[in-house]
Amino acid sequence: MEQAIKPKHYEQTITPIDFILKNQLGFSEGNVIKYICRYKEKNGVEDLKKAKQCIDFLINEYETKSDR
């Protein structure tokens, strides 16, 4: 796989996309990782709220499946 472009707001050792792909995370899980990794350098609280929204979606999905 070609190495992803590494924007300035991703200063971690491994880029979020590489982590997400290597761990075969789903869309919502991947977005949580992405937003948590970049919030300090990009959109601050806005990214934390986006991560929270994705987590709330995951909780709802998990609880809905558990109720079946």
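The values are calculated or read from the model by the stated rules, or taken from the named source; none is laboratory data. On a predicted model such as this, the values are computed, not experimentally measured, just so you know. Please note: Cβ atoms are built from the backbone with ideal geometry, for glycine as well, and neighbour counts cover all protein chains shown.
Every residue in region 28-47 that is over 21 Å from Thr13 (Cα atoms) and surrounded by 10 or more Cβ atoms within 10 Å (Cβ to Cβ), please. Correct list: Ser28, Glu46. Hey, does region 33-46 have a residue that's in contact with a His (Cβ under 8 Å, 6 or more places away or on another chain) and not in a helix (DSSP H, G or I)? Looking through region 33-46, at least one residue is in contact with a His (Cβ under 8 Å, 6 or more places away or on another chain) and not in a helix (DSSP H, G or I). Within region 44-59, residues that are under 13 Å from Lys34 (Cβ atoms) reach partners that are among the basic types (Lys, Arg) and modelled with pLDDT under 95 with beta carbons closer than 8 Å, at six or more positions or on different chains, in the pairs Asp47/Arg38. Among the residues of region 6-20, none qualifies, meaning not one is modelled with pLDDT of 95 or more, part of a helix (DSSP H, G or I) and surrounded by fewer than 11 Cβ atoms within 10 Å (Cβ to Cβ).
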